[in-house]
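The values are calculated or read from the model by the stated rules, or taken from the named source; none is laboratory data. Remember, it's a predicted structure, so these values are computed and weren't measured experimentally. Every residue, glycine as well, gets a Cβ built from its backbone with ideal geometry; the counts of neighbours run over all protein chains shown.
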Amino acid sequence: MTVVIRSGKPQTTESLCNSCYWAHIQRGFAESEEIILCAFLRPAHAVPFKVSQCTDYNDKRVPSKADMEEIAWIIRTKDVNRPVGFANEAETESSEEDEPEIVPSE
Ligand code: SF4
């Protein structure tokens with residue numbers, strides 16, 4: 001495998017817009033039939049070349065903070081003020097009733 005580096009940049013042919021959240025991409029059947037519109041700034045404007053670096057790139061393959069909050073579980077303990085550390089056997093039996101409750105976030 002040969003990696004070509006020119007001017008300190010990797011020479012890839014894949015445009016960042018292909019995986020960007022802000023891109024609207026239309027492709028036809030021919031290689032030349034492709035329109036990429038960038039919707040980061042309104043109104044959306046055409047991107048006339050393959051983008052190798054962009055300050056507003058937002059990878060749509062990575063879940064957003066809001067997506068992660070939606071799938072997160074919230075763990076609620078019944079008694080937040082209980083003492084921490086070693087416990088004797090009697091306390092251990094009663095603490096089984098105090099198992100934390102796991103509820104999915106809304
Ligand atoms: S923000 Fe940058 S990478 Fe994303 S679609 Fe617009 S020009 Fe392409």
Within region 31-41, of all residues that are modelled with pLDDT of 90 or more and either charged (D, E, K, R) or not assigned by TED's automatic domain parsing to the domain that holds CYS20 (or both), the one nearest to SER15 (Cα to Cα) is GLU34
Here the residues within region 54-64 that are part of a loop (DSSP other than H, G, I, E, B) and in contact (Cβ under 8 Å) with a residue 40 or more places away in the chain are TYR57, LYS60, ARG61
Within region 42-79, the residues that are more than 23 Å from THR13 (Cα to Cα) and at pLDDT 90 or above are PRO43, ALA44
Considering residues that are away from the ligand (no atom under 13 Å from the Cβ), assigned to a loop (DSSP other than H, G, I, E, B) and not acidic (Asp, Glu), the number found within region 6-42 is 9
